[in-house]
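Reviewing the structure listed below.
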Amino acid sequence: MSAPLYNTDILRLASSIPHHARLADPQASVERRSPTCGSRVTVDVRMDDAGRVADLGLEVRACALGQASAALMAGHAIGQDAARLMQTREALAAYLEGRSDDLDFWPGLAVLAPARAYPARHASIRLSFDAVAQAAADAVRAPV
C-alpha cells in the first residue's frame, strides 16, 4: 500500500470520462450499483453489424475510483465485441480478488493497482466493466 489510493492520475481520469452522456436510441442499457458505497453506473450501447460496440453512452455517479474505471473502460470499449468485454470483466475481477497479477488485458488499468488492497472499493471499480459487458451481450441478443 505504498502508492496513494487517490493519486493525480486517478483524479485526472475521473474528471475526463469519454462518452459521458446517455444514448438517445440504445440497443441495450444496463445499470449497476455498488451496495457498499452507493456508486451507480448506467451504460448504453449500440452494436454494429459485426457485433462490436459502435456507440457508447454513460451516466456515472461514483467515487473517483469508479469514475476513473469508467473513463478507462469508455476509452477503449468501442470496437470491442461482447465476448471480449466479458473476458475483460472476468480478468478485472480476477485481478482485484488476487487470483491474477495481470493488468495487460485492458489499457491503463495499472493506474488502479493501488486500489487492489482496498476490497471495499472493488465493486465501484468493476461497475462500468460489468455494465458494458452485460449491455453488449444484451444488445447482441436483442432484435434490431
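Of Ala82, Ala28, Ala110, which has the largest mean-square fluctuation in a 10 Å C-alpha GNM of the chain?
Looking only at Ala82, Ala28, Ala110, the biggest GNM fluctuation is shown by Ala110.
For the chain, what does the helix formula give at 222 nm: sum of -39500 (n - 2.57) over DSSP H segments with n ≥ 4, over the residue count, nearest 500 deg cm²/dmol? Mind showing how you got there, number by number?
Numbers: 4 runs with 58 residues, N = 144.
Computed ellipticity for the chain at 222 nm equals -13000 deg cm²/dmol.
Rg over Rh of the stretch 51-123, using C-alpha atoms and the Kirkwood radius, what does it come to? Intermediate results must be reported in sequence, preceding the final value.
Numbers: Rg = 12.3 Å, Rh = 13.0 Å.
Rounded to two decimals, Rg/Rh equals 0.95.
Between Ala113, Ala74, Ala50, which gets the highest mean-square fluctuation from a Gaussian network model of the chain, Cα cutoff 10 Å?
Evaluated over the chain, the most mobile residue of the options is Ala50.
Per the Debye formula with a single identical scatterer at each Cα and no solvent contribution, what log10 I(q)/I(0) holds for the chain at q = 0.09 Å⁻¹?
The computed values of log10 I(q)/I(0) come out as -0.24.
Using all alpha carbons of the stretch 86-144, what is the percent of pairwise distances in each 10 Å bin, ordered from the shortest bin to the longest?
Using 10 Å bins, I get a P(r) of 22, 51, 19, 7, 0 for the stretch 86-144.
Where does the charge balance sit around Gly51 when Lys and Arg score +1, Asp and Glu -1, over other residues with C-beta under 15 Å from its C-beta?
Charge balance near Gly51 sits at -1.
Ranking Ile125, Ile78 by Cβ neighbours within 10 Å, fewest first, what do you get?
Result, fewest neighbours first: Ile78, Ile125.
Pick out which of Asp81, Asp48, Asp130 has the largest mean-square fluctuation in a Gaussian network model of the chain, springs linking Cα atoms closer than 10 Å.
Between Asp81, Asp48, Asp130, it is Asp48 that shows the largest mean-square fluctuation.
Given Cβ point charges of +1 (Lys, Arg) and -1 (Asp, Glu) and nothing else, what value in debye, to the nearest 20, does the dipole of the stretch 8-141 about its Cα centre take? If you can, show how the numbers build up before the last one.
Working: 15 positive and 16 negative charges, 91 e Å.
With only Lys, Arg, Asp and Glu charged at Cβ, the dipole is about 440 debye.
Among Ser69, Ser29, Ser128, what is the fewest-to-most ranking by other Cβ atoms within 10 Å?
Placing the least packed residue first, the sequence is Ser29, Ser128, Ser69.
Read-outs: derived from the displayed coordinates by stated rules, not from any lab. Bear in mind that the values here come from a model prediction, so they are computed numbers and not experimental data. Reconstructed Cβ throughout: ideal geometry from the backbone, glycine too, with neighbour counts over all protein chains shown.
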